[in-house]
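Have a look at this one before I ask anything.
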Amino acid sequence: MTVLVTGARGAIARNVIAQLLDAGAPVRAASRVPGATDLPAGVTPARVDFTVPETLAPALEGVEKVFLYAAHEGIEAFTAAAQEAGVKHVVLLSSAAAADPSNPIGHMHYQVEQALEASGIPWTFVRPAMFATNSLWWAESIRKEGLVRLPYPDAPVNPIHERDIAEVAFTALTEDGHQGSTHVVDGPGHLTQRRQIELIGEAIGREIEVVELSHEAAAKFMYPAVLDMLAEGSTEVWGPTAEAVTGRPARTYAQWAVDHADDFR
C-alpha cells in the first residue's frame, strides 16, 4: 500500500509520514521543492505542484492512498490524475470552517471537498478546528523580547495538537470504515490565550509578558474570521476530540507547549 503524503514540509504531514513508516507502509512524500524537504530514511521524495499538472501522474504512479492538503488551486487536475492512477482512497486535511462556505477559509476547504466528492474517489475528510501550531506565530517575539502582542488575551480557545490530527488521518488511511466519513476534530478543552502563554512560559522556564493589541491593530495582520472569533469569545465545541477516532485521549495544550519548548527558547 504505497501512500502519497502531500505538503510534506508541514507538521501534520511529517507526523503522518512517521506513523506510516512505523507501520511499515511505503511512503512517497510530495512537495513543490522535494530537495528542500528533509525526509526520514526510507521515504521517496516526489515533486507535486497542483498548478503544474504534469507533476501529478509521476507522483501518483502505483499509489493506492493519498493524504492530501487542501490546495484548492489545481484540485481538478489532481482528481483527474488520481482517477487515472487508480487511487483507492484520499484522506483530506480540511477544516472545521468548511461547514460554513460563506467563511473565506471555509469556502476554500469546501471547494476541495466538493471536488473530491464529485470525482468518485473514496474520501475521508478530517476537519480540525484551531491548530495549536498557530502559537508558533509568537515564537520570535518570545525569543527576542520575552513577550507576546495579541488581541483579546482572555478570549477562550481550544487548540489541537498536530499529532492528534495526524493520528486521525493515519487511522483513516490504515483502518477500514472511514471512507465517506467526515471527522470533525476539536481540542481537549478551552483555555484563554493568556493561559496558553503562561504554559509556554512554564515549558521554557521563563516569564512571558502579554501586551494586548487593539482590534484595529490586530486587523492589520490577522485573518478577519479569526479576529472576529476571538472578539466574540465563544466557547463553542466544534466536535469530539481525536479520541473518538483513535481511541487515545487527546493531548493537552500543556503537552504541546512542552513538545515545542525549543521553538520558543
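The values are calculated or read from the model by the stated rules, or taken from the named source; none is laboratory data. Bear in mind that the values here come from a model prediction, so they are computed numbers and not experimental data. All Cβ positions, glycine included, derive from the backbone under ideal geometry; neighbour counts span all protein chains shown. Side chains are part of the model used for accessible areas, which takes the heavy atoms of the whole protein and leaves out ligands, DNA and RNA. Shrake-Rupley method; radii C 1.70, N 1.55, O 1.52, S 1.80 Å.
Suppose we flag GluC sites (Glu not before Pro) only when DSSP calls them loop and at most 13 other Cβ atoms lie within 10 Å. Which is the longest uninterrupted stretch of the chain? If you can, show how the numbers build up before the last one.
Details: sites that count: E73, E175, E207, E236.
No qualifying site falls inside 74-174, the longest such stretch.
Any idea of the accessible area per residue across segment 1-133, 1.4 Å probe, to the nearest Å²? Mind showing how you got there, number by number?
Details: 5610 Å² over 133 residues.
With all protein chains present, segment 1-133 gives 42 Å² per residue.
To continue, here is another question. If each DSSP helix of 4+ residues adds -39,500 (n - 2.57) and the sum is divided by the residues in the chain, what number results at 222 nm, nearest 500 deg cm²/dmol? Could the numbers behind the result be given before it?
Details: 12 runs with 104 residues, N = 265.
So the helix-based figure for the chain works out to -11000 deg cm²/dmol.
Normalised by the residues of segment 165-265, what does the relative contact order come to in percent, with Cα pairs under 8 Å and at least six apart?
Details: 72 pairs, mean separation 45.6, N = 101.
Reported as a whole number, the value is 45 percent.
So for segment 1-159, taking the charge dipole from beta-carbon charges (+1 Lys/Arg, -1 Asp/Glu), which of T124, V66, G7 sits furthest toward the positive end?
My answer, from the dipole projection, is G7.
Treating only the Cβ of Lys, Arg, Asp and Glu as charged (+1, +1, -1, -1), what charge dipole size does the chain show about its Cα centre? Round to the nearest 20 debye.
On the way: 19 positive and 34 negative charges, 101 e Å.
Taking the Cα centre of the chain as origin, the dipole is about 480 debye.
Tell me the net charge near A82. Cut-off is 12 Å between Cβ atoms, A82 excluded, with +1 for each Lys or Arg and -1 for each Asp or Glu.
Values: positive: K65, K88; negative: E61, E64, E76, E84.
Result for the neighbourhood of A82: -2.
List every residue whose amide H lies under 5 Å from the amide H of L147, counting only residues 5 or more places away in sequence or on a different chain, with H placed 1.01 Å from N in the peptide plane.
Residues meeting the criterion, in which the H sits 1.01 Å from N, are I142, E209.
Amide H neighbours of V157 under 5 Å, at least 5 residues apart or on other chains, H built in the peptide plane: list them.
L191, T192, Q193
Let me ask something additional. With θ set to phi - 60° and the Karplus curve 6.51 cos²θ - 1.76 cosθ + 1.60, what are the ³J(HN,Hα) couplings of segment 135-145 in order, to the nearest whole Hz, using x for Gly and Pro?
With the stated coefficients, segment 135-145 comes to 5, 5, 4, 8, 4, 5, 6, 5, 5, 8, 10 Hz.
Then there is this: Calculate what fraction, in whole %, of the accessible area of segment 1-116 sits on carbon and sulfur atoms when a 1.4 Å probe is rolled over the protein chains. The partial results should precede the final answer.
On the way: 2630 of 5050 Å².
Percent of accessible area from carbon and sulfur atoms in segment 1-116: 52.
Each residue of segment 38-51 in order: what ³J(HN,Hα) in whole Hz does its phi give by Karplus 6.51 cos²θ - 1.76 cosθ + 1.60, θ = phi - 60°, with x for Gly and Pro?
Karplus-based 3J(HN,Hα) across segment 38-51 equals 7, 10, x, 4, x, 9, 8, x, 8, 8, 9, 10, 4, 8 Hz.
Below 8 Å between Cα atoms, with a sequence gap of 6+, how large is the relative contact order for the chain in percent?
Details: 511 pairs, mean separation 44.5, N = 265.
Rounded, it is 17 percent for the chain.
Another question about this same structure. Could you list which residues have their amide H under 5 Å from that of G239, counting only those 5 or more apart in sequence or on another chain, with H placed in the peptide plane?
Counting only residues 5 or more places away or on other chains, the set is D186.
In whole Hz, with x marking every Gly and Pro, tabulate ³J(HN,Hα) for segment 12-21 from phi via Karplus 6.51 cos²θ - 1.76 cosθ + 1.60, θ = phi - 60°.
5, 4, 4, 5, 5, 4, 4, 5, 5, 4
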